[in-house]
Amino acid sequence: MKKYLLIGLMLVNVSMPAKAAEHTVNLVTTGSDGQTMVMEPGYINIAVGDVINFVPSDATHNAESLSIPTGAKKFTTPYGQPTKVTFDTEGAYIYKCVPHITMGMIGVIQVGNAVNLDATKAAMAQLKPMVFMNKERLDQYLSQIQ
Ligand SMILES: [Cu+2]
């Protein structure tokens, strides 16, 4: 009898979802490798349900969604305040720092599978003419999507 109970408990345990992880993305004026106006990391791959803590280096930076998967929630974090956002919808997200988008201050978040890869590529292509500095980041981050 005890044996069956134990097996039952083990099955329940296996079917439980893994605990959501928390990641940090720093929104910084000067990056660790000397880059300016940069998200660190610029590309991040997380699991569905994970949390990202966006941490601005000062009051001039924030994070605002720009291209998101269908059904996902838009987000805008306040300037200068570390803010946690939960990503419950699978797909690729592009986000920007509102004042520094022309300086290439954008980032890509991959949540689970990049089910909206084509739409993400199209959104990035539309973004290109608006960016005057650090333009190479756009393709760099896109190419990291798996
Ligand atoms: Cu910024």
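Kindly evaluate residue 42 against the criterion of being closer than 21 Å to residue 126 by Cα, among the small types (Gly, Ala, Ser) and within 15 Å of the ligand (Cβ to nearest atom).
On the way: closer than 21 Å to residue 126 by Cα: yes; among the small types (Gly, Ala, Ser): yes; within 15 Å of the ligand (Cβ to nearest atom): yes.
Criteria met by residue 42.
Given the structure, is residue 32 over 14 Å from the mean Cα position of the chain (by Cα), among the small types (Gly, Ala, Ser) and within 10 Å of the ligand (Cβ to nearest atom)? Before the answer, list the steps.
On the way: over 14 Å from the mean Cα position of the chain (by Cα): yes; among the small types (Gly, Ala, Ser): yes; within 10 Å of the ligand (Cβ to nearest atom): no.
No.
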Practice problem: Specify which of the listed residues (71, 104) is within 16 Å of the ligand (Cβ to nearest atom) and small (Gly, Ala, Ser). | Solution: 104
Quiz item: Here are some residues: 124, 130. Which one is more than 17 Å from residue 61 (Cβ to Cβ), touching a helix residue (DSSP H, G or I) at 6+ places or on another chain (Cβ under 8 Å) and open to solvent by 60 Å² or more (accessible area, probe 1.4 Å)?
Solution: 130
Self-check item: Inter-residue pairs, beta-carbon under 7 Å, first under 16 Å from residue 24 (Cα atoms) and in the stretch 69-98, second loosely packed, with under 13 Cβ neighbours inside 10 Å and acidic (Asp, Glu), 6+ apart
Solution: 80/58
Quiz item: Which of (1) within 19 Å of residue 120 (Cα to Cα); (2) surrounded by fewer than 18 Cβ atoms within 10 Å (Cβ to Cβ); (3) not aliphatic (A, V, I, L, M) does residue 78 not meet, given it meets every other one?
Solution: (1)
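Quick check, is residue 60 more than 12 Å from the chain's Cα centre (by Cα), more than 11 Å from the ligand (Cβ to nearest atom) and not acidic (Asp, Glu)? First the steps, then the outcome.
Numbers: more than 12 Å from the chain's Cα centre (by Cα): yes; more than 11 Å from the ligand (Cβ to nearest atom): no; not acidic (Asp, Glu): yes.
Considered against the rule, which asks whether it is more than 12 Å from the chain's Cα centre (by Cα), more than 11 Å from the ligand (Cβ to nearest atom) and not acidic (Asp, Glu), residue 60 comes out as no.
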Quiz item: What strands (runs of 3 or more DSSP E) completely inside the stretch 1-117 contain at least 1 residues that are modelled with pLDDT of 95 or more and in contact with a Gly (Cβ under 9 Å, 6 or more places away or on another chain)?
Solution: 22-30, 36-40, 43-46, 51-56, 83-86, 91-96, 106-111
Quiz prompt | Output for the stretch 27-68, where each listed residue is crowded, with 20+ Cβ neighbours inside 10 Å, in contact with an Asp or Glu (Cβ under 9 Å, 6 or more places away or on another chain) and within 18 Å of residue 113 (Cα to Cα) | solution = 50, 52
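The values are calculated or read from the model by the stated rules, or taken from the named source; none is laboratory data. Just so we're clear, the structure is a prediction, and the values are computed from it rather than from any experiment. Positions of Cβ are backbone-derived with ideal geometry, glycine not excepted, and every protein chain shown enters the neighbour counts. Heavy atoms of the whole protein, side chains included, go into the accessibility calculation; ligands, DNA and RNA do not. Shrake-Rupley method; radii C 1.70, N 1.55, O 1.52, S 1.80 Å.
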